[in-house]
Amino acid sequence: MDPSVSDARLVDCPARLAVEIIADKWSVLVIFALSERPRRHGELIAMIGGVSRKVLTQTLRKLQGYGLVYRAETTSQVEYRLSELGSTLIDPIEMLNRWGREYSESVADFQEGRTTSM
C-alpha cells in the first residue's frame, strides 16, 4: 500500500465533505438542473423525475445549508439558484457524467458476469 495513503488520517480527508454532498443522488441532480439557470420547485420536480416534493424540499434545504443553493423570492414566485460556491460543483459533476457515459456499459457487463476486469 502507498505509505502516503496508509499514513493519512482518512477521518480528516477533505474529500469527505464532497462525498457527503454528492453521495445523495438528488443533490447531484438538483445541482445539475440548476447549472443552466434558476428554477422553480415544480420545474425541478418535472426535470428530475422520480423525486417527491417532500424529498426535493429536503434536498434543497440541505444544499442551502451548505451554501450551495439559495432561495430567491419575488412577489409572485420562489426560484432556486446555485450560489457561486454551488457553481464550483458543475465541473466535477460533468466529469462524473462523462465517466458514467464511458463506463456504464462495462459496469453492466461486469454485473451480468460477462467480464471480470477491464
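Values quoted throughout were computed directly from the atomic coordinates according to the rules given, and no laboratory measurement underlies them. Fair warning: this is a prediction, and the values are worked out from it, not measured in the lab. As a convention, Cβ positions derive from the backbone with ideal geometry for all residues, glycine included, and neighbour counts pool all protein chains shown.
Can you pull the one-decimal nm distance between simple spin-label points at THR75 and ARG40, each 7 Å off the Cα toward Cβ?
Going from the THR75 label point to the ARG40 one covers 1.6 nm.
Tell me which label goes with the value of log10 I(q)/I(0) by the Debye sum over Cα atoms at q = 0.09, 0.14, 0.15, 0.22 Å⁻¹ computed from the coordinates here: [x] -0.54, -0.69, -0.76, -1.12; [y] -0.35, -0.73, -0.80, -1.20; [z] -0.23, -0.56, -0.65, -1.39.
Given [x] -0.54, -0.69, -0.76, -1.12; [y] -0.35, -0.73, -0.80, -1.20; [z] -0.23, -0.56, -0.65, -1.39, the calculated one carries the label [y].
Within the stretch 8-65, report the trypsin sites (Lys or Arg not before Pro) that DSSP leaves as loop and that have at most 13 other Cβ atoms within 10 Å.
On the way: sites: ARG9, ARG16, LYS25, ARG39, ARG40, ARG53, LYS54, ARG61, LYS62; in loops: ARG9, ARG40.
Those that pass, being in a loop and sparsely packed, are ARG9, ARG40.
Hey, rough spin-label estimate for VAL107 and ALA23, points 7 angstrom out along Cα→Cβ, what's it come to in nanometres?
In this crude label model, VAL107 to ALA23 measures out at 1.6 nm.
Between VAL69 and residues 5 or more places away or on another chain, which pairs have amide H atoms under 5 Å apart, with H built 1.01 Å from N, and which residues are they?
Long-range HN contacts for VAL69: GLN64, SER83.
Determine the gain in length on full extension of the stretch MET47-TYR66; use 0.36 nm per residue of separation and subtract their C-alpha separation, reporting nm with one decimal.
4.6 nm
Explain nothing, just the number: dipole magnitude of the chain about its Cα centre with +1 on each Lys and Arg Cβ and -1 on each Asp and Glu Cβ, in debye rounded to the nearest 20.
Values: 15 positive and 16 negative charges, 131 e Å.
Roughly 640 debye for the chain.
Which of GLU105, GLU73, GLU20 moves most in a GNM of the chain, Cα contacts under 10 Å?
Maximum among the listed residues: GLU105.
Sequence gap at least 6, Cα distance under 8 Å: using those rules, report the relative contact order of the chain to the nearest whole percent.
Computed over the chain, the figure is 21 percent.
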